[in-house]
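Beneath this line is the structure, given in structure tokens, with notes to follow.
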Amino acid sequence: MTASLPSSPWAGRLRGLGAALFSLAATLLGLLFVTFIIGRVVPIDPVLAIVGERATEAQIAATRTALGLDQPLWQQFLIFVGNALQGDLGTSIRTGEPVLQAVSRAFPATLELATLATIIGVLAGVPAGVLAATRPGSLADHIVRLVGLMGYSMPVFWLGLIGLLLFYGVLGWVGGPGRLDAAFDMMYEFEVTPVSGMILIDTALAGRWDMFVNAISHLILPAGLLGYVSMAYISRMTRSFMMNELGQEYITTARVKGMPEWRVIWVHAMRNVLVPLITVIALSYAYLLEGSVLTETIFAWPGLGSYITDALMVNDMPAVLGGTVVVGVAFVLLNLLSDLLYRLVDPRAR
Amino acid sequence: MAIIAWLRDPNPASRRQARLGQAYLGWLRLRRNPLAMAGLVIIGLLLVLAAFAPWLAPHDPIAQNLQNRLMPPGTPGHLLGTDDFGRDILTRILYGARITLSVIALVAVTAPLLGLIIGTVSGYFGGWVDGVLMRITDIFLAFPRLILALALVAVLGPGIENAVLAIALTAWPPYARVARAETLTVRNSDYIAAVRLQGAGSVRVIWGHIMPMCLPSVIIRVTLDMAGVILIAAGLGFLGLGAQPPLSEWGLMISAGRKYLFEQWWVATMPGLAIFIVSLGFNLLGDGLRDVLDPRSAGK
């Protein structure tokens, strides 16, 4: 790649970082641009939505100026970007609350759900993928493949409904919709100091284990369902990466030396599987942030997805677009993170 | 049979014979994969059921009959039960197959075409054109698909046409990537140089000589993506942003049945099963096709 004479390894790394940062900035700018365009072609007049229909001409004109809507489009875009960089994503029409404030309140709930789901997905998906890869063509391989394909094919909102019906309605094993039982909801509000916004962490910090257990009973079903979807993806990728590694010569060498098979697989091969697998896990994490949109609607989970869909229903465009920008940024940052981790783990990429 | 011998001829006399022979060998390999064949059967069945829905369906999909509302599955005349307006669920699912199929067909035509054009132009011209187009592609890839589709439908207004448009606008980037990669491999071939020496313009070279080369990989990708398209369309329908009542779109049917989930479970369950089976069919077939057509996995 670099034909230049031996320079310090740091120079190459810095160049790589510079390129990554530039592409990050360009992508984020593009993200804002697309959102801006979407927001500008809306058939709803943002001025009327704010001042109401009985406003006078003068009020309308004043608001229009205040919003910067009398400026040319490119200047409006600059204002939009400037505001976004300062953390101003607009004001929700429905609640009159700054979008960023509402979004940052909703984000921890989504993050908690997606994190737990990813943990479940990794814990189930990696061993399943390894099992399938070590016995290709066996019954176990076919089952892992079929279970994975089913996860790909399942409408997640429908799976959520069926899960609720079965585990909450019929069996009564888990808590229903929401993050806590109604009885705990008020108590949580008054007795637990929100440190992280994630209910499991906050109740544990406050030493309220009764609430903690209740929160788990509400979290386990949506997290389990999303975890299944992410397991489908992770097990499939693990299988194909592992198959690829097991065909390499260093594996044969290790086996010929008489190394126990578990060590060959979990230590020698796994080290190399881990490199691409990190990207896969980061990607699936990013998709869970998105996949939670429908799941949150089903489980009345007060996260980002619920915020966006609720805003959609009442045509609250600033809230929808602000939420979209936040999810987009999280998506881009996760991709960047996986890229950086990749460089860290794989010496060749340095 | 003569035709099979012709297909298996190790010394094909023409290009067409060689290509058809390859396709035949691929088919033989696909036929050995029971899961892929199951997928093919499901999709075939879906096509037949959708095509003959008016003749197969026992009832009218829209006419309401409030005396028969929320009948459980197995009620005489209503195999899968009835919904809250007394409409036969089986009938509505059969008609819903037509909606799902038309959404798939529309997306499968528009999104790959857009991706093909952007990818081939980007790969053929290179330089700043490539830089700009690929950056745009990256930006669209950076958006979570469902959320972008949601925002687009919010702007365009709910409805099945707008849902298709939104899905297509979010689905093209992967095709552009694939088409660009293929274009880069053929761009400097002698046959392209020959066409250009004969005086063909860029449009002609791209449309007539590069795009056909990109088609096979794009088509595989389309098959693999169809299950995702079905799920997103159903998700939009479920949120009330896709098809509008009284259309019997499957996602919409689930959302209507949500109110009765705990007492009349079948109203929401049945259309979900339909979505699941159909998208499983596409996934099974796509998976098998990839095994057959991807040279890297062919030996295994």
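Note on segment A:305-342: among residues that are more than 9 Å from every other protein chain (Cβ to nearest Cβ) and outside any helix (DSSP H, G or I), the one that is surrounded by the fewest Cβ atoms within 10 Å (Cβ to Cβ) is A:314. Scanning segment A:240-262 for residues that are open to solvent by 60 Å² or more (accessible area, probe 1.4 Å) and assigned to a helix (DSSP H, G or I) yields A:244, A:249, A:250, A:252, A:253, A:255, A:256, A:261, A:262.
Do we find that residue B:141 is aliphatic (A, V, I, L, M) and within 14 Å of chain A (Cβ to nearest Cβ) in this structure? So residue B:141 passes the test.
Checked against (1) open to solvent by 50 Å² or more (accessible area, probe 1.4 Å); (2) away from every other protein chain (no Cβ under 14 Å), residue B:132 meets all criteria but (2). Of all residues in segment B:207-237, those satisfying the criterion of being away from chain A (no Cβ under 14 Å) and in contact with a Pro (Cβ under 7 Å, 6 or more places away or on another chain) are B:218, B:221, B:222. Is it true that some residue in segment A:142-162 is away from chain B (no Cβ under 14 Å) and either part of a loop (DSSP other than H, G, I, E, B) or more than 19 Å from residue A:289 (Cα to Cα) (or both)? Scanning segment A:142-162 turns up no residue that is away from chain B (no Cβ under 14 Å) and either part of a loop (DSSP other than H, G, I, E, B) or more than 19 Å from residue A:289 (Cα to Cα) (or both). Taking the condition open to solvent by less than 30 Å² (accessible area, probe 1.4 Å), under 16 Å from residue B:107 (Cβ atoms) and either in a helix (DSSP H, G or I) or small (Gly, Ala, Ser) (or both), does residue B:233 pass? Here the answer is yes, as residue B:233 does meet what is asked. Screening residue A:176 on (1) assigned to a helix (DSSP H, G or I); (2) modelled with pLDDT under 80 shows it passes everything except condition (1). With respect to the conditions (1) part of a helix (DSSP H, G or I); (2) open to solvent by 90 Å² or more (accessible area, probe 1.4 Å); (3) closer than 30 Å to residue B:258 by Cβ, residue B:22 falls short on a single one, namely (3). Note on segment B:257-273: residues that are aliphatic (A, V, I, L, M), assigned to a helix (DSSP H, G or I), open to solvent by less than 30 Å² (accessible area, probe 1.4 Å) and facing another protein chain (nearest Cβ under 10 Å) total 1. Could you say which residue among B:224, B:197 is open to solvent by 30 Å² or more (accessible area, probe 1.4 Å) and either modelled with pLDDT under 90 or among the β-branched types (Val, Ile, Thr) (or both)? Testing whether each residue is open to solvent by 30 Å² or more (accessible area, probe 1.4 Å) and either modelled with pLDDT under 90 or among the β-branched types (Val, Ile, Thr) (or both) leaves just B:224.
Just give me the residues in segment A:70-93 being loosely packed, with under 14 Cβ neighbours inside 10 Å, touching a residue at least 12 places away in the same chain (Cβ under 8 Å) and outside any helix (DSSP H, G or I), in sequence order. Scanning segment A:70-93 gives a single hit, A:87. The residues listed here are B:254, B:219, B:277; of these, the one that is crowded, with 20+ Cβ neighbours inside 10 Å and outside any loop (DSSP other than H, G, I, E, B) is B:254. Kindly indicate whether any position in segment B:82-98 is open to solvent by 40 Å² or more (accessible area, probe 1.4 Å), touching a Gly at 6+ places or on another chain (Cβ under 9 Å) and not in a loop (DSSP other than H, G, I, E, B). Yes, there is a match, as at least one residue in segment B:82-98 is open to solvent by 40 Å² or more (accessible area, probe 1.4 Å), touching a Gly at 6+ places or on another chain (Cβ under 9 Å) and not in a loop (DSSP other than H, G, I, E, B).
A Cβ distance below 7 Å, combined with a sequence gap of six or more or placement on separate chains, defines the contacts here; from segment B:238-249, residues that are more than 8 Å from chain A (Cβ to nearest Cβ) reach residues that are of a type in the set (Lys, Arg) in the pairs B:248/B:92. For segment A:128-141, a tally of residues being facing another protein chain (nearest Cβ under 8 Å) and open to solvent by less than 30 Å² (accessible area, probe 1.4 Å) returns 0. For segment B:153-168, enumerate the residues that are in a helix (DSSP H, G or I) and either facing chain A (nearest Cβ under 7 Å) or surrounded by fewer than 18 Cβ atoms within 10 Å (Cβ to Cβ) (or both). Listed by number, the residues that qualify are B:154, B:155, B:161. The set of residues from segment B:27-70 being aliphatic (A, V, I, L, M), part of a helix (DSSP H, G or I), in contact (Cβ under 8 Å) with a residue 40 or more places away in the chain and open to solvent by less than 80 Å² (accessible area, probe 1.4 Å) comprises B:30, B:35, B:36, B:37, B:38, B:40, B:42, B:43, B:46, B:49, B:50, B:53.
Here's the yes/no breakdown for (1) of a type in the set (A, V, I, L, M, F, W, C); (2) within 21 Å of the chain's Cα centre (by Cα):
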residue	(1), (2)
B:212	no, yes
B:219	yes, yes
B:226	yes, yes
B:237	no, yes
B:240	no, no
B:252	yes, yes
B:279	no, yes
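The values are calculated or read from the model by the stated rules, or taken from the named source; none is laboratory data. Everything numeric here is computed off the predicted structure, so don't read it as measured data. As a convention, Cβ positions derive from the backbone with ideal geometry for all residues, glycine included, and neighbour counts pool all protein chains shown. Note: areas computed on protein heavy atoms with side chains; ligands, DNA, RNA excluded. Shrake-Rupley method; radii C 1.70, N 1.55, O 1.52, S 1.80 Å.
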